[in-house]
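Following: one structure in structure tokens, then a few remarks.
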Amino acid sequence: MNLSEKFWEKKYETQKIGWDLGVVSPPLKFYFDQLTNKELKILIPGGGNSYEAEYLFNNGFKNVSVVDICHNPLENLKDRVPSFPENQLIHGNFFDLEATFDLIIEQTFFCAINPDLRLKYASKMRDLLSDEGKLVGLFFDAKLNEDHPPFGGNKEEYINYFEAHFIMDIFTECYNSYHNRQEMELFVKFVKK
């Protein structure tokens, strides 16, 4: 299964971006609104059009970076937020990234990568986080597709990927999901061990 840059660029070009809510995800907005440290170094991997990055940036979080394998969504974010720093819009493969962050936001990236990479994802997340850094976001709790994204899964499966690397501070059914994702998401806050 080749989920290459070309694969994803074609999705944007043909507007086959069903994962794109067009707004900041409600559970993430609720979480962001509780954050008080505007100096946090934040990463949004596979950020797509990244309404989350836009929301954070417009609310005073200036150390927000987005990494995406495609140019198209990074350009879309730049068009919507012209003052967003270019060097924080990273065109590249998440797994090649070398930096550290205080907080990494998961929003439809995990379900977009080949499931064979999930253990590698968990390990890479740990590597990218500073001491006591947090991975916060949403995972699908549903059986979805097996041959193309989005790929689903469940809590029991996910525990196997993350328990070696993280303290699972919050790992629960999401009560405030976007309307078309009700009863299909888990909200997580994992703290680096």
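Coordinate-derived values only; no laboratory data. None of the values given here were measured: they were computed from a predicted structure. Note that we place each Cβ from the backbone using ideal geometry, even for glycine, and neighbour counts take in every protein chain shown.
Summary of values
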read-out: Listed peptides 67-78, 118-129 by packing density, highest first (mean Cβ within 10 Å); value: 67-78, 118-129
read-out: Residue-wise HN-Hα coupling along segment 30-46, computed from phi with Karplus coefficients 6.51, -1.76, 1.60 (Hz; x: Gly, Pro); value: 4, 5, 4, 5, 8, 6, 10, 8, 6, 8, 3, 8, 10, 10, 10, x, x
read-out: Estimated FRET transfer efficiency when R0 is 25 angstrom, pair Asn180-Lys120 (beta carbons, to 0.05); value: 0.30
read-out: Separation in nanometres of the label points that stand 7 Å from Cα toward Cβ, at Asp127 and Glu157; value: 2.4
read-out: Amide H contacts under 5 Å for Ser130, placed H, 5+ residues apart; value: Phe101, Asp102
read-out: Paramagnetic label zone (point 7 Å from Cα along Cα-to-C-beta, Gln34; backbone N under 11 Å) in segment 159-182; value: 170-171
read-out: Residue-wise HN-Hα coupling along segment 98-107, computed from phi with Karplus coefficients 6.51, -1.76, 1.60 (Hz; x: Gly, Pro); value: 9, 5, 10, 9, 7, 8, 10, 9, 9, 8
read-out: Model label zone, Asn93; criterion: amide N under 17 Å from point 7 Å along Cα-to-beta-carbon; scope segment 30-71; value: 45-47, 67-71
read-out: Value at 222 nm in deg cm²/dmol, rounded to 500, when DSSP H runs of n ≥ 4 in the chain each add -39,500 (n - 2.57); value: -7500 deg cm²/dmol
